[in-house]
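Here's the structure, in structure tokens; my notes come after.
The values are calculated or read from the model by the stated rules, or taken from the named source; none is laboratory data. Bear in mind that the values here come from a model prediction, so they are computed numbers and not experimental data. Positions of Cβ are backbone-derived with ideal geometry, glycine not excepted, and every protein chain shown enters the neighbour counts.
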Amino acid sequence: MKIGVYVINLDRSVARREALWQQAAALGLELRRVEAVDGRAIDPKDWVDLDEESFKRNNGRSVVPGEYGCYRSHLKAFSTFLETDDDAAIVIEDDIQLVGDLVKRAAAILDAVPKAEMVKLFNHRTVWFHRTATSRLGDEVGRAFHGPQGSAACNLYTREGARKALQNLKVMRYPVDIALERGWQSGLAVFTVREDIVSLGALKKQTEIASIADYRKYKFTGAKRMVTHFVRAREYLRRIGFALRA
């Protein structure tokens, strides 16, 4: 199986790019750069394929410019992957700390769970994990009942998974990390590892998307968030049902 490693990286993020490529060279990994979309450089009037009302209802806030760019960047990575002859792709963001056996472990995971179309290799949380299989290299793979798990920093995709993501997630209604987890809606066979394969690197606190303070400025308060609470309760039940089908 031929697995490519695709790195989403902004043109202006030179330090991140240099640090990651130095890691890769030391580990013997080949990286393919995907030029990230800079959401801050695009006038909101020019944003495309965004269902703004659904986003506000689903998330209880407005879209942060950086996360609009992040969403478009991941879709661009899928298109880039599908233009190659790779059988699968590991799509990473440029603040990841690489490991030398990343590709081997990814291949072993797809062998262990052949029905998987996307596998999260890094999460902010993995709570109430339901195991489907264990790869020959020891990685437990399954689904989590609790979520969102957070982060799209390192995900593994098959060609079918990338095609489904491009087709069914074209319109932005959630941040990209949440949208990709929602296999019950997108049709992607989404799985996750119990223990992270990679970690965040030294530049993790230097966010290119938005700070906590930035997110707070876009967040609704009071009655404007009531519908969001109902949406999240429904999503939680759907997540549980999805995990049980692993």
| query | For region 9-28, does any single residue satisfy the condition of being among the hydroxyl-bearing types (Ser, Thr, Tyr) and modelled with pLDDT of 95 or more? | reply | no
| said: Which pairs turn up if I take residues in region 89-116 that are touching a residue at least 12 places away in the same chain (Cβ under 8 Å) and look for partners that are assigned to a helix (DSSP H, G or I) and buried (at least 19 other Cβ atoms within 10 Å of the Cβ) with beta carbon separation below 6 Å, at least 6 apart in sequence or on another chain? | reply: 89/81; 90/106; 91/77; 94/16; 94/20
| message | For residue 191, only one of the following conditions fails: (1) at pLDDT 95 or above; (2) over 16 Å from the mean Cα position of the chain (by Cα); (3) among the aromatic types (Phe, Trp, Tyr). What is its number? | response | (2)
| field | Of all residues making up region 39-83, the number that are acidic (Asp, Glu) and within 17 Å of the chain's Cα centre (by Cα) | value | 1
| Does residue 127 meet the test of being hydrophobic (A, V, I, L, M, F, W, C) and surrounded by 19 or more Cβ atoms within 10 Å (Cβ to Cβ)? | no
| note | Flagged in region 1-41 as among the small types (Gly, Ala, Ser) and either surrounded by 13 or more Cβ atoms within 10 Å (Cβ to Cβ) or outside any helix (DSSP H, G or I) (or both), in numbering order, are 4, 13, 19, 24, 28, 36, 39
| message | Given the criterion at pLDDT 95 or above, out of contact with any Lys or Arg (no Cβ under 7 Å at 6 or more places or on another chain) and surrounded by 23 or more Cβ atoms within 10 Å (Cβ to Cβ), identify the matching residue among 133, 106. | response | 106
